[in-house]
Amino acid sequence: MNNFSFKTLSLLLLPLSTALYANAQAAEVELVGNLDASVVVSKVKGKTSVVELASGFRHGSSIGLIGREDLGGGNEVGFFLDQGFSLMDGAVTDGDDNSTSAFSREAMLYVSGDWGKLGLGRFGTLSSGTGSFTMLSGWVFGTTYTTAAWSEFGRTIPQYRLDNAAAYVSPEFSGFNFSLVYSNGTVSDTRRWSQNNHYYGAAVKYQKGRVLSSLVLETADRRSPGEVGRLSRMYEVNYGLEVGFGSVTGMFAYQYNAQVRGVKDHIVGLSIRAAAAGGGILFGVRGLIGKDDGAASNEPSDRRAWSVNAAYEYPLSKRTTLWAYGAFSDGSKQLSSKYSVGQVVNYNGAQAAAGMTHKF
């Protein structure tokens, strides 16, 4: 045993390490990640201020694996496994069940070629602003900066990420491509098909020169176990337009969301991105007008809200960004701070944050 030296161990492990390296090179496996940390101060109208050390305020913190294999003839097989977590305590984030989720942000296997791309697994919806198949456009903050996120000012479809899902993206045709996404069961697909919760999405995107535009149509159902039929069916339409003018990009976004016997909202957003002082300024205003057909008798059914959001991003390096953010929002009618639905900073309050994002 004394003759077993470090040199001997190295000679034994050399073939194994060489084989692993060669296999990794052939499979083109890449480790990627995003680390986002910040200090956030929030003040909801009528409540005391809250100071937090936050993870994922601007972009969700995550670590993932991307793999690709060239099949020849322009065809490829690949995967993306992405796990969300909190920098502050290591807890799993972005999953439906934090105690059991693995690859909570995305777990997707795909095949692609000149005919398009077909993916299976867990990934974001077409308007989620995250994942491999999102088609959202027209709002400078997308679904970043938490309270400025387009998905946090309305929306009736509760799923941002889909389980048991299939997606198809077409190749580009004169600047256009389209996508189709289906979930066989957003919670599970172990019951009869008619009793599962399904998601259906279709989108078309146009991108050419300085113009980017997209239209996303989505619907989902929420069925109760043992019941058949359309229960609480939800619909959502998102349209976005972005036009570049040199160092400034102007954006317009519109959303209509509706739930049978429930909330129906119209949301409009105007925003810009502009180069300034070596970084970028993000600014956006948005307004909401809606009605809740299922409002309680002691609450108003009309919904009103508006918000102003601004951020500055400075690229410290190719992979690291320093940023600062501020927002103010105000709601009335059902979204007033007098009612529980309005007692969040998204609708009534002010917020400031500063942090750093590092990508690898």
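Things worth noting here:
- Checking each residue in region 153-165 for being surrounded by 14 or more Cβ atoms within 10 Å (Cβ to Cβ) and under 17 Å from the mean Cα position of the chain (by Cα) picks out F153, G154, R155, T156, I157, Q159, Y160, R161, L162, D163, A165.
- Test for N309: is it part of a loop (DSSP other than H, G, I, E, B), out of contact with any His (no Cβ under 8 Å at 6 or more places or on another chain) and surrounded by 15 or more Cβ atoms within 10 Å (Cβ to Cβ): no
- Residue in region 82-92 that is within 25 Å of P171 (Cβ to Cβ) and assigned to a strand (DSSP E or B) present: yes
- Residue ID - surrounded by the most Cβ atoms within 10 Å (Cβ to Cβ), chosen from residues in region 277-299 that are assigned to a strand (DSSP E or B) and hydrophobic (A, V, I, L, M, F, W, C): L282
- Residue within region 197-205 that is within 25 Å of Y325 (Cβ to Cβ), of a type in the set (G, A, S) and surrounded by 13 or more Cβ atoms within 10 Å (Cβ to Cβ) present: no
- Candidates are the residues of region 322-360 that are β-branched (V, I, T) and surrounded by fewer than 20 Cβ atoms within 10 Å (Cβ to Cβ); the one that is modelled with the lowest pLDDT is V341.
- Residues of region 118-134 satisfying the condition of being of a type outside the set (F, W, Y) and over 18 Å from A102 (Cα atoms): L118, G119, T125, L126, S127, S128, G129, T134
- The conditions of being closer than 22 Å to G287 by Cβ, modelled with pLDDT of 95 or more, among the charged types (D, E, K, R) and out of contact with any His (no Cβ under 7 Å at 6 or more places or on another chain) are not met by E172.
- The listed residue being touching a Gly at 6+ places or on another chain (Cβ under 8 Å) and at positive phi, out of R303, R261, R286, R273: R261
- Residue check for G95: surrounded by fewer than 21 Cβ atoms within 10 Å (Cβ to Cβ), under 15 Å from the mean Cα position of the chain (by Cα) and small (G, A, S): yes
- Residues of region 205-221 satisfying the condition of being of a type outside the set (V, I, T) and within 30 Å of V260 (Cβ to Cβ): K205, S213, S214, L215, L217, E218, A220, D221
- Residue tally, condition touching a residue at least 60 places away in the same chain (Cβ under 8 Å), assigned to a strand (DSSP E or B), out of contact with any Phe, Trp or Tyr (no Cβ under 8 Å at 6 or more places or on another chain) and not hydrophobic (A, V, I, L, M, F, W, C), over region 243-272: 1
- Flag for D302 being among the charged types (D, E, K, R), surrounded by fewer than 16 Cβ atoms within 10 Å (Cβ to Cβ) and modelled with pLDDT of 95 or more: yes
- When G131, G124, G154, G142 are checked against the criterion of being closer than 26 Å to G209 by Cα, in contact (Cβ under 8 Å) with a residue 24 or more places away in the chain and either touching a Phe, Trp or Tyr at 6+ places or on another chain (Cβ under 6 Å) or of a type outside the set (S, T, Y) (or both), G131 stands alone in meeting it.
- Every residue from region 255-267 that is within 18 Å of L212 (Cβ to Cβ) and surrounded by fewer than 16 Cβ atoms within 10 Å (Cβ to Cβ): none
- Filter pass, L65 being hydrophobic (A, V, I, L, M, F, W, C), outside any loop (DSSP other than H, G, I, E, B) and under 15 Å from A166 (Cα atoms): no
- Of all residues making up region 167-181, the number that are more than 17 Å from the chain's Cα centre (by Cα) and either assigned to a loop (DSSP other than H, G, I, E, B) or closer than 16 Å to A107 by Cα (or both): 6
- Flag for D330 being more than 25 Å from the chain's Cα centre (by Cα), touching a residue at least 24 places away in the same chain (Cβ under 8 Å) and within 30 Å of R261 (Cα to Cα): no
- Yes/no for R191 being among the basic types (K, R), under 30 Å from S271 (Cβ atoms) and either touching a residue at least 24 places away in the same chain (Cβ under 8 Å) or assigned to a loop (DSSP other than H, G, I, E, B) (or both): no
The values are calculated or read from the model by the stated rules, or taken from the named source; none is laboratory data. Since the structure is predicted, the reported quantities are computational estimates derived from the model, not experimental observations. Reconstructed Cβ throughout: ideal geometry from the backbone, glycine too, with neighbour counts over all protein chains shown.
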